[in-house]
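Okay, so here's the structure we're looking at.
The values are calculated or read from the model by the stated rules, or taken from the named source; none is laboratory data. Note that the structure is a prediction, hence the values are computed from the model and not measured. Cβ coordinates were reconstructed from backbone atoms using ideal geometry, including for glycine residues, and neighbour counts include every protein chain displayed. For accessibility, only protein heavy atoms count, side chains too; no ligands or nucleic acids. Shrake-Rupley method; radii C 1.70, N 1.55, O 1.52, S 1.80 Å.
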Amino acid sequence: MGYGLENNDQLQRSMKRRHLFMLSLGGVIGTGLFLNAGFTINQAGAGGALIGYLAGGLILYMVMVCLGELAVHMPVTGSFQKYAAEYIGPSAGFSLGWMYFVGSAATAGVEFTAAGILMKQWFPHSPTWIWCAVFIVLLFTLNALTTRGFAEAEYWFAGIKIVAVILFILIGIAGIFGFVSLSDRPTPFLENLAPSGLFPVGGITIIFVTMMNVIFSYQGSELIGIAAGESEKPEENIPKAIRNVLFRIIVFYISSIIILSAIFPSSELGLLESPFVTLMKIAGIPYAAGIMNFIILTAILSVGNSCLYASTRLLWSMAHDGMAPKVFGLLSKRKVPLNALLFTICFSLLSLLTSFIAADTVFVILMSIAGISVTISWMGIALSQYMFRKKFIKAGGKTEDLQYIVPFYPFVPLFCLGFCSLILVFLAFDPTQRDGLFYGIGFLVACILFYKFKLAKKAESNTNLENEKIL
């Protein structure tokens, strides 16, 4: 299906093991943890949040092992978009790629805005747009220089976030058991985790409604697959990165949820902008607000950095498959898809602008696509692995020949598909998220139809021409 672009168009495998390790470890530590965890506890209760994050962690693990089998067997840039095109169908690859691109690039624009607003904590009289511009230039430069530049930046971003969460967990445990005074609050021990306060009035069903927040918190881990095409020794490094997924979920998210639920009543958590900042303050940590806001800024920039990288590589990959304009498939002298990066930045700026001038229309649609793009992508990864294994065995391959194997096949990919589908179904019954679901699904259907009626014949004719050249 590829167009065979006329230049030295191969990306370099310059990501080392430590980069991929920190990319996987820091991938899910972001605003979803620092800002959304309190809201999730408030909505679902301590017990509901724990069940939700554990269930989401199980889904994430299943997605990652499915992605691992595919990425080790075929470590290419574009990853799950390529796998969907290869094993589900070209229209699926096209739709999945563009949906993830729009969602990821739009999210980058939102992160620029969030970072600009956060800077007003230190510089209250400076306009937000100046800081947005500073961070856009910074992240563009990091991504434009070399792939190594992105990897190094993400390595340190992730390192700061991980150290912060570990310190928070230690301070929280000390506060729960009275080793650290929590201002004028009595030592909470585990009283707030009493059975009567585990679930809100809505009961267990509220867990499914808040699952989209959980999935949002866990997004970013699939970046390992996109980075596979630029990592050294993917057959060794990808499985090691994936094995860290379940561990980091339990240690970072579950520990944080238990600590927040033990210290703060769930009704109070809904009122706190960031319970992490509040805990540091009441624990008497000097300059707590400033330190925590810096860490949150790091998390925001990390998300923006990752979104730019993912969107750019997807666009580059689709250009090579005839699913995006050829110009996005060209590389700079530094082996960076600069045209794709420039387009991604422009699209992110469009998202940023629509948050001010078309907040009720265009911006809502962009955020709706971003909201469900990860869930749809996870479903695409699971289905791609299911179809890959079927085709692999049918072609005479043996499971033991694979370097990385999904356990309990076919139950793992099928269960993942079913659970993600169930989450989308429950969104239809939530009035606050129903419109977003319909916009997102509508965009997906529009992409499928566009490919079938506009690009399918062109792709077929290009394939025929390539075959004739070979003959």
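Summary table below
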| quantity | calculated |
| --- | --- |
| Candidates Val364, Val336, Val374, Val327 - the one that is open to solvent by 40 Å² or more (accessible area, probe 1.4 Å), touching a residue at least 24 places away in the same chain (Cβ under 8 Å) and not charged (D, E, K, R) | Val364 |
| Matching residues in the stretch 143-195 - criterion: being open to solvent by less than 50 Å² (accessible area, probe 1.4 Å), part of a helix (DSSP H, G or I) and hydroxyl-bearing (Ser, Thr, Tyr) | Thr147 |
| Scope the stretch 302-324; condition surrounded by fewer than 24 Cβ atoms within 10 Å (Cβ to Cβ) and not in a helix (DSSP H, G or I); matching residues | Asp321, Gly322, Ala324 |
| Qualifying positions in the stretch 246-255 - in contact with a Gly (Cβ under 8 Å, 6 or more places away or on another chain) and open to solvent by less than 10 Å² (accessible area, probe 1.4 Å) | Ile249, Tyr253 |
| Leading residue by the ranking (least open to solvent (accessible area, probe 1.4 Å)) among those in the stretch 405-427 that are of a type in the set (A, V, I, L, M) and not in a helix (DSSP H, G or I) | Val406 |
| Selection from the stretch 69-80 of residues that are modelled with pLDDT under 90, over 13 Å from Trp378 (Cβ atoms), in a helix (DSSP H, G or I) and not aliphatic (A, V, I, L, M) | His73 |
| Tabulated pairs, the stretch 45-73, first of a type outside the set (A, V, I, L, M), second open to solvent by 10 Å² or more (accessible area, probe 1.4 Å) and not in a helix (DSSP H, G or I), C-beta under 6 angstrom, 6+ apart or interchain | Gly45/Leu198; Gly45/Phe199; Gly45/Pro200; Gly47/Leu198; Gly47/Phe199; Gly48/Phe199; Gly68/Tyr404; Glu69/Tyr404 |
| Residue in the stretch 285-296 that is of a type outside the set (Asp, Glu), in contact (Cβ under 8 Å) with a residue 24 or more places away in the chain, closer than 24 Å to Leu145 by Cβ and part of a helix (DSSP H, G or I) present | no |
| Test: residue in the stretch 12-33 that is crowded, with 24+ Cβ neighbours inside 10 Å, charged (D, E, K, R) and either at pLDDT below 75 or part of a helix (DSSP H, G or I) (or both) | no |
| Top-ranked residue of the stretch 112-130 - restricted to ones that are part of a helix (DSSP H, G or I) and open to solvent by 50 Å² or more (accessible area, probe 1.4 Å), ranked as nearest to Leu223 (Cα to Cα) | Ile117 |
| Residue that is farthest from the chain's Cα centre (by Cα) [pool: residues in the stretch 424-438 that are modelled with pLDDT of 85 or more and closer than 16 Å to Ile207 by Cβ] | Val425 |
| Long-range neighbours under 8 Å by Cβ, at least six apart or interchain, first residue in a helix (DSSP H, G or I) and at pLDDT below 95 within the stretch 441-457, second of a type in the set (Val, Ile, Thr) and open to solvent by less than 100 Å² (accessible area, probe 1.4 Å) | Ile441/Ile372; Phe443/Val102; Phe443/Ile365; Phe443/Ile369; Leu444/Ile376 |
| Residue list for the stretch 235-256, filter: modelled with pLDDT of 75 or more and within 19 Å of Phe80 (Cβ to Cβ) | Glu235, Asn237, Ile238, Pro239, Ala241, Ile242 |
